[in-house]
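Note sheet for the following structure.
Derivation of every value follows stated rules applied to the coordinates shown; laboratory data play no part. Values in this document were obtained by computation on a predicted structure and should not be read as measured data. As a convention, Cβ positions derive from the backbone with ideal geometry for all residues, glycine included, and neighbour counts pool all protein chains shown.
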Amino acid sequence: MLTWLQVNDGDNSVKYSFLKSKSFLIPTISWSLFVLIVVVAFTVGETKYNSLARTLIQWDGQHYFTIAYDGYERFPCPGRPSLVCGNVGWFPLYPISAAMVGKLLSPLRIEMRWVMIITSLIFFWLALLALFRLVAMKFGELIALLTIVALLLFPTSFYYATAFPYSLYLLLVVVTFLLLETRQYLWSAVPSGLLAVTYPSGIVIVLPLLWTLVVGWKTFDTKQRLALTTACSCVGLALVAYCAYYWWQFDDFWLYFRFQAKPYYHHEAAFPVVTIVRFLIYLPTSNPVYVMFLFIIATITVFYRRVVPMSWQLLMFGVLLFTPTAGTMVCYYRHIVVAFPLFVMIALAIQTRRKWLLLVYGITSLTLAWFVFLKAYKLGMLM
């Protein structure tokens, strides 16, 4: 059991055991190396933008930046005034968090773009700490270490350092599972509700919550059942609160959905297999979406492990299938970086099968990262 402080009665000195433990040092050192590698990778070679901060804030990141800096805005789309434009199609928790960090750092006069990146990196560090603890509780410290290695090697893990909500998402989802693992069901309502207003796929957290409730129904007492029901309800309530804000601010409760319904977003409920087949038919094999989908299929085929709890698997497959269920495959390569149980499976397979699988996975991932995803992102071609 981890302890944050350990008191030695012999010499009355307080030892900060957690700060010296593997649970702190491994995630922190891994995070530090990740930051260093990201800085080097984004400053070497051809880039679209001269500024590192601007390079790390592209496409949707620009919208999160404007929300954090100026708040939400909407206006008729130029040329098609019947459609809604602006930044109302992006969820609020990450930019709100960045704005709060900006307030705390205001005496240092740090430019807001850097504040966004600092916010992502802080959340990522905390997420790695939480992830190591969760996996170590379930499978041991070696698997926890290999899980972090697998996550950091993933071809699009660099998105954790950009102005996207993935670091915050990972932190919240791992904390939710930590609370479920320790049977603190009522407290799980907090990160679950926050996930719902962090990113569209945040609602997937309902699947493991419901699974936990259904599987344990007969053994749970009334208090535990109500706690898990509350956690599930908070996901929906958070979305209602988000829509209610748009109703109060813009007199349009359904504003987010009207924004996302624009024809070029292709967002509509669909059977995921149909969406996947439709996209793979016309996408060139060199397209990052095509490459990532094949990589995911190969990774699951090689590394899938049934020993991973079903609640974790529901989260993983929910995230992997959420985008095609929404009728599109656009940006699939970054939407799935938060499917942390996949990295647990990789870690388990490496330990129990063949150690050389780590080398194969690492070389493949880094090759794809450098020649496909990172290259395209630096040139502004990867949304």
How big is the dipole moment of the stretch 24-109 about its Cα centre under a simple scheme where the beta carbon of each Lys and Arg is +1, that of each Asp and Glu is -1, and everything else is neutral? Debye, nearest 20, please. 120
Would you work out the Kirkwood radius for the stretch 6-378? I mean one over the mean of 1/r across all pairs of different Cα atoms, in Å. 21.9
By the mean-Cβ-within-10 Å protection proxy, highest first, 234-241, 158-165, 76-83 rank as 158-165, 234-241, 76-83
With helices defined as uninterrupted DSSP H runs, which ones in the chain have an alpha carbon span along their own long axis of at least 24 Å and mean Kyte-Doolittle hydropathy of at least 1.0? 22-43, 112-139
Given N residues in the stretch 137-216, what is its alpha carbon radius of gyration divided by 2.2 N^0.38 Å? 1.19
For the chain, just give the cysteines left without a disulfide-compatible partner, judged by no other Cys Cβ under 4.7 Å. 232, 234, 243, 331
Give the distance, in whole Å, between the Cα centre of the stretch 113-158 and the Cα centre of the stretch 44-81. 26
Burial ranking of peptide ranges 92-99, 366-373 (average Cβ count within 10 Å, highest at the top): 92-99, 366-373
Mind ordering 100-113, 310-323 by average Cβ neighbours within 10 Å, highest first? 310-323, 100-113
Considering amide H positions built from the backbone, and no H for Pro or chain starts, which residues 5 or more places from residue 86, or on another chain, come under 5 Å of its amide H? 75
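So what is Rg over Rh here for the stretch 108-182, counting just Cα atoms and using Kirkwood for Rh?
Details: Rg = 13.6 Å, Rh = 13.0 Å.
With Rh from the inverse mean 1/r over Cα pairs, Rg/Rh is 1.04.
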Computed on Cα atoms, the radius of gyration and Dmax of the stretch 291-383 in angstrom are 14.0, 41
Lysine pairs in the chain with Cα distance under 24 Å, only those 8 or more apart or on different chains: how many are there? 7
Charge dipole of the stretch 6-378 built from unit charges on the beta carbon (Lys, Arg +1; Asp, Glu -1), centred at mean Cα; most positive-end Cα among 116, 182, 193 is 182
